[in-house]
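The values are calculated or read from the model by the stated rules, or taken from the named source; none is laboratory data. As the structure is a prediction and not an experimental result, all values here were calculated from the model. So basically every Cβ, Gly included, is an ideal-geometry build from the backbone, and we count neighbours across all protein chains shown. SASA here: full protein model, heavy atoms, side chains in, ligands and nucleic acids out. Shrake-Rupley method; radii C 1.70, N 1.55, O 1.52, S 1.80 Å.
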Amino acid sequence: MTEERGVVYDEAHGKLLDVHRPARPPARGTAPIVLLWHGRGPDERDVLAPLAREAAGLGLVVVVPDWRPDAPDGGLRHLRAAARFARERAGELGGDADRIVSAGWSLGAYVAMSAAVRPELLDGARPTAVVGIAGKYLWKRPESGLRDLRDELAATSVDPVPVHLVYGTADDIAAVHHSRDFVPVLDRWGWPVDLTGTDADHAGVVMTEYAPERGRCVPTRNASALAAGRTTARVLARAAGLPAPG
């Protein structure tokens with residue numbers, strides 16, 4: 001696995017992203033891209049580095065942008081700019097612009113799913129699949145104009161794409177029911193969905209643990225969290241159409 005850190009994707013605001021690539025390029029063509037959004041904490045792309053490295057080891061190009069959910073528009077400008085960068089620079093990144101999976105953890109999961117249902121949020125671009133990791137989906141964020149996904153799915157006319165939901169059984173922030181309750185909503189509107197549980201809390205599902213003294217999640221050596229993160233990485237690979245072990 002190789003990585004390029006601190007790549008500028010929005011010069012006007014100095015926003016950065018990291019690119020995690022497979023150690024070996026695919027035998028044919030280019031690798032699928034996963035655009036992976038972090039959660040509520042501003043500019044926390046580093047939190048997802050352990051998961052991104054694990055997923056890159058399975059053959060994915062993983063792009064992890066900083067973004068600011070606390071921006072006046074809820075971070076939508078950053079979302080658009082990063083998605084545009086991934087599409088336009090896909091070849092330079094070693095990835096395939098026609099195979100981009102939108103994925104996110106925590107608040108990022110809700111954002112990734114919202115953008116799949118409302119393509120105008122990302123200048124009309126659509127992912128080939130969505131992966132929501134430890135997310136909440138049936139709520140709204142008025143500051144960014146995002147609604148409860150029950151309402152968004154009922155109103156949209158876009159074609160469904162596959163959705164993969166991952167949750168932690170010990171998650172006390174985005175409890176299990178948030179993912180489970182979303183499944184029948186997706187089913188109702190014909191969006192293919194699968195659900196994967198891991199033996200982890202909110203941080204562990206992405207191979208981290210919460211550090212109160214730092215007010216953020218940091219990499220962990222906890223065996224359960226590492227196993228959970230490997231499961232999450234396999235879901236990312238499956239969503240991108242790659243074979244994954246286990």
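On the given criteria, is VAL61 open to solvent by less than 10 Å² (accessible area, probe 1.4 Å), touching a Leu at 6+ places or on another chain (Cβ under 8 Å), touching a residue at least 60 places away in the same chain (Cβ under 8 Å) and of a type outside the set (Gly, Ala, Ser)?
For VAL61, the condition - open to solvent by less than 10 Å² (accessible area, probe 1.4 Å), touching a Leu at 6+ places or on another chain (Cβ under 8 Å), touching a residue at least 60 places away in the same chain (Cβ under 8 Å) and of a type outside the set (Gly, Ala, Ser) - is not met.
Among (1) in a loop (DSSP other than H, G, I, E, B); (2) modelled with pLDDT of 95 or more; (3) of a type in the set (A, V, I, L, M), there is one condition ALA116 misses while meeting the rest; what is its number?
(1)
I'm told ARG53 meets every condition in (1) open to solvent by 60 Å² or more (accessible area, probe 1.4 Å); (2) without any contact (Cβ under 8 Å) to a residue 40 or more places away in the chain; (3) under 19 Å from THR220 (Cβ atoms) except one. Can you identify the failing condition by its number?
(2)
Looking for whichever is buried (at least 24 other Cβ atoms within 10 Å of the Cβ) and out of contact with any Leu (no Cβ under 9 Å at 6 or more places or on another chain) here; the options are SER114, SER106, SER102. Which one fits?
On inspection, the qualifying residue turns out to be SER106.
Could you please let me know if ASP201 is open to solvent by 50 Å² or more (accessible area, probe 1.4 Å) and touching a strand residue (DSSP E or B) at 6+ places or on another chain (Cβ under 9 Å)? Break it down stepwise before answering.
On the way: open to solvent by 50 Å² or more (accessible area, probe 1.4 Å): yes; touching a strand residue (DSSP E or B) at 6+ places or on another chain (Cβ under 9 Å): yes.
Yes: the conditions hold for ASP201.
Out of everything in the range 216-246 that is open to solvent by 20 Å² or more (accessible area, probe 1.4 Å), touching a residue at least 40 places away in the same chain (Cβ under 8 Å) and small (Gly, Ala, Ser), what residue ends up being farthest from HIS164 (Cα to Cα)?
Out of the qualifying residues, it is ALA244.
Would you pick out the residues in the range 72-113 that are free of Cβ contacts under 8 Å to residues at least 24 places away in the same chain and either assigned to a helix (DSSP H, G or I) or among the hydrophobic types (A, V, I, L, M, F, W, C) (or both)? Before the answer, list the steps.
Initial filter on the range 72-113 (free of Cβ contacts under 8 Å to residues at least 24 places away in the same chain): 88-89, 92.
The answer is GLU88, GLU92.
Any idea which residue in the range 163-217 is nearest to GLY41 (Cα to Cα), counting only those that are β-branched (Val, Ile, Thr) and assigned to a strand (DSSP E or B)?
The selected residue is THR208.
Any idea which of THR169, THR196 is out of contact with any Pro (no Cβ under 9 Å at 6 or more places or on another chain) and either at pLDDT below 95 or open to solvent by 70 Å² or more (accessible area, probe 1.4 Å) (or both)?
Values: THR196 fails: either at pLDDT below 95 or open to solvent by 70 Å² or more (accessible area, probe 1.4 Å) (or both).
Result of the check over THR169, THR196: THR169.
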